[in-house]
Amino acid sequence: MHRPPHRAGLAALLLLAFAPPGARAQEPAPAAAPAPDLQADYDSLLKEFETAQQAFQKLFAALKTDQERMELWQDATRNPSRTFTPRFRAFAERAGTHPSAASAWMWLLQTGQDQKESGAIAARMVKDFLHAPVAEKLAQWLRYGSWRIGRAA
């Protein structure tokens, strides 16, 4: 025996079918990934560098000759100023215009060895952080460190 559909149920289905999209049950939006704590990431990277730098300085001080010290200083696999450069650069790129990126760029400027690269970093800092608190530190660095970027820059 065939039963006609229940009128209340049919009316509810019709209302849902023609209801505006906002009135229908919606799937919950996926949870947003938590924003990275960039300042904490930078602080952690800097602390790791400082620890490595202290160990390097002890090793450096224990060497007997200037030749040994020079060799250690130039060893890019053992000098933290060189081994941490790619990590500070990657962090600065990832952090964009966040204030912690400015700190990472400043670290790279202060430890940099390449004049062209240092000039590019200084230009980027002026472009991205001219009105940030780090601009004062950059200006002070330029006063004494401008030789690293060349007169033209």
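The values are calculated or read from the model by the stated rules, or taken from the named source; none is laboratory data. Bear in mind the structure is a predicted one, so any value in this text is a computation, not a measurement. Counting neighbours? That spans all protein chains shown, and the Cβs are built from the backbone with ideal geometry, glycine included. Note: accessible area is taken over every heavy atom of the protein model, side chains too, but ligands, DNA and RNA are not part of it. Shrake-Rupley method; radii C 1.70, N 1.55, O 1.52, S 1.80 Å.
A search for C-beta distances below 7 Å between a residue of the range 116-134 that is among the polar types (S, T, N, Q) and any residue that is assigned to a loop (DSSP other than H, G, I, E, B) and surrounded by 14 or more Cβ atoms within 10 Å (Cβ to Cβ), counting only pairs 6+ apart in sequence or on different chains, returns S118/G112; S118/I149.
Listed here are the residues, each with its yes/no results for (1) charged (D, E, K, R); (2) modelled with pLDDT of 95 or more.
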| position | (1), (2) |
| --- | --- |
| D41 | yes, yes |
| L46 | no, yes |
| T51 | no, yes |
| W73 | no, no |
| P86 | no, yes |
| F91 | no, yes |
| T97 | no, no |
| L142 | no, no |
| R148 | yes, no |
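Note on the range 61-96: residues that are open to solvent by 70 Å² or more (accessible area, probe 1.4 Å) and either over 15 Å from L108 (Cβ atoms) or not in a helix (DSSP H, G or I) (or both) total 11.
Across the range 127-147, the number of residues qualifying as open to solvent by less than 70 Å² (accessible area, probe 1.4 Å) and either in contact with a Lys or Arg (Cβ under 8 Å, 6 or more places away or on another chain) or hydrophobic (A, V, I, L, M, F, W, C) (or both) comes to 8. Quick one: in the range 18-39, of everything that is open to solvent by 60 Å² or more (accessible area, probe 1.4 Å) and part of a helix (DSSP H, G or I), which residue is modelled with the lowest pLDDT? Only one residue tops the list, namely F18.
For the structure I just gave you, tell me whether A152 is among the aliphatic types (A, V, I, L, M), over 22 Å from the mean Cα position of the chain (by Cα) and over 24 Å from T83 (Cα atoms).
Values: among the aliphatic types (A, V, I, L, M): yes; over 22 Å from the mean Cα position of the chain (by Cα): yes; over 24 Å from T83 (Cα atoms): yes.
So A152 fits the description; yes.
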